[in-house]
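The structure under discussion appears below in the form of structure tokens.
The values are calculated or read from the model by the stated rules, or taken from the named source; none is laboratory data. For clarity, every value in this text was computed on a predicted model and none was experimentally measured. Here the Cβ is made from the backbone with ideal geometry for all residues, glycine too, and neighbour counts use every protein chain on show. When the accessible area is computed, the model is the full protein with side chains, heavy atoms only, and any ligands, DNA or RNA have been set aside. Shrake-Rupley method; radii C 1.70, N 1.55, O 1.52, S 1.80 Å.
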Amino acid sequence: SEGRRRRPSRSERERRRRSLKASLDGALANAMAEPDCEAGRPSSPPADMDPGALLLAASAAHLSLALSPVEFLRDVIGSTAQFHRRGEGYACRQAVWLLLAALVVGALPLAYARLAERASAAADVAPWGALVASPWNLLAAPVFTMALVALWLALDFLPMPRRLPLCFLCSLVFFSWLRQRLPGLLLNDFRAFARLPNNAVRYFAFVGYFVVVLQAAAASVANGLFVTGGLAALGLGELYCLVVDALLSPPAAFASLVDSELRVRAPGALWKRLYDHSGAWLELSSREAAVIASKVDRRFWALRHVRTLALSDLRLEISADDVDWDALGHAPCAVCGAESEDGRSDSDSD
């Protein structure tokens with residue numbers, strides 16, 4: 001239809017990539033010639049200044065920094081700050097807090113199911129309602145978790161571009177909902193204090209939220225409490241986030257050191273701004289984008305939550321259409337402009 005936006009053809013995307021690359025090469029040459037302080041200049045100019053590569057590097061760095069800022073500071077930026085020294089005596093307490101947080105996942109839905117059963121005015125309860133309110137309900141959390149793990153492992157057999165819609169949906173839920181409710185948990189470093197993988201603890205915390213909300217919703221439906229039960233399920237989810245974040249937040253001195261390191265490790269508090277950002281549209285200077293591309297290992301470049309990179313000094317926007325998937329070893333995908341089997345894009349075939 002005429003009102004439908006025309007998808008750029010393959011030749012048009014290639015011309016745009018070449019134009020962006022020429023602008024970026026000139027901007028990088030000027031930036032590298034300027035004097036700078038210790039962390040503002042890239043350690044070495046990125047070998048590939050392809051515009052799509054800059055977007056992938058910034059998108060990957062954004063998600064990695066948001067999920068585990070301490071690991072990013074230590075492993076990517078190379079910070080030598082002694083974070084664990086700011087949590088003396090916290091390691092022993094953290095084991096207790098982790099156990100209590102795990103109990104919250106099982107106890108909250110079970111307690112709510114019992115209350116909903118008593119408050120229900122329905123004459124007959126759904127056959128599975130008794131199961132929801134029974135101690136067997138405690139098995140729902142590990143079963144639900146294992147099911148999601150199996151689904152995620154199954155998706156690994158798909159090429160990365162075909163997983164992009166699902167990955168973007170997961171990151172959208174994280175950045176628009178869960179991140180605001182679990183800031184302390186995301187700032188903590190479980191690897192240093194409890195010898196546990198940070199991503200594993202965060203994953204189980206996120207899954208725990210959905211376990212609590214979905215079980216509370218199931219208990220409400222079983223007892224005929226549809227509207228009030230749905231609101232109560234969301235409220236129970238908020239209570240879960242409040243309790244878990246309070247239990248798994250790091251000491252104040254530890255959090256202060258992480259915040260300080262994010263601010264001073266690059267001019268203009270680049271890493272702090274990147275950490276605080278939650279949108280899919282990211283604005284940086286070409287120099288800042290080059291710094292990120294030089295710090296992040298090329299093997300981890302990927303299109304995550306950030307889908308558009310705006311370079312303020314060049315007045316350019318780099319979108320998913322500007323990613324050269326063939327050069328990066330990926331096949332084209334529907335999200336970035338699908339191509340037909342014979343190698344022509346939809347627009348070329350028109």
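Condition check ((1) open to solvent by 30 Å² or more (accessible area, probe 1.4 Å); (2) farther than 23 Å from residue 256 by Cβ; (3) modelled with pLDDT of 65 or more) across all residues:
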site	(1), (2), (3)
15	yes, yes, yes
28	no, yes, no
34	yes, yes, no
43	yes, yes, no
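If only one of 258, 291 is part of a helix (DSSP H, G or I), in contact with a Pro (Cβ under 7 Å, 6 or more places away or on another chain), closer than 13 Å to residue 58 by Cα and open to solvent by less than 30 Å² (accessible area, probe 1.4 Å), which one is it? First the steps, then the outcome.
Values: 258 fails: closer than 13 Å to residue 58 by Cα.
That would be 291, the only listed residue that is part of a helix (DSSP H, G or I), in contact with a Pro (Cβ under 7 Å, 6 or more places away or on another chain), closer than 13 Å to residue 58 by Cα and open to solvent by less than 30 Å² (accessible area, probe 1.4 Å).
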Residue list for the stretch 51-77, restricted to those being open to solvent by 40 Å² or more (accessible area, probe 1.4 Å) and either without any contact (Cβ under 8 Å) to a residue 60 or more places away in the chain or small (Gly, Ala, Ser) (or both): 64, 74, 75
Candidates 196, 172, 187, 182 - the one that is closer than 22 Å to residue 233 by Cα, touching a helix residue (DSSP H, G or I) at 6+ places or on another chain (Cβ under 6 Å) and at pLDDT 70 or above: 182
Test: residue 340 is buried (at least 18 other Cβ atoms within 10 Å of the Cβ), small (Gly, Ala, Ser) and at pLDDT below 80: no
Residue in the stretch 302-317 that is farthest from residue 174 (Cα to Cα), counting only those that are at pLDDT below 85 and open to solvent by less than 30 Å² (accessible area, probe 1.4 Å): 302
Residue pairs meeting the criteria (Cβ under 8 Å; at least 6 apart or on separate chains; first over 13 Å from residue 291 (Cβ atoms), in the stretch 258-273; second of a type in the set (Asp, Glu)): 272/259
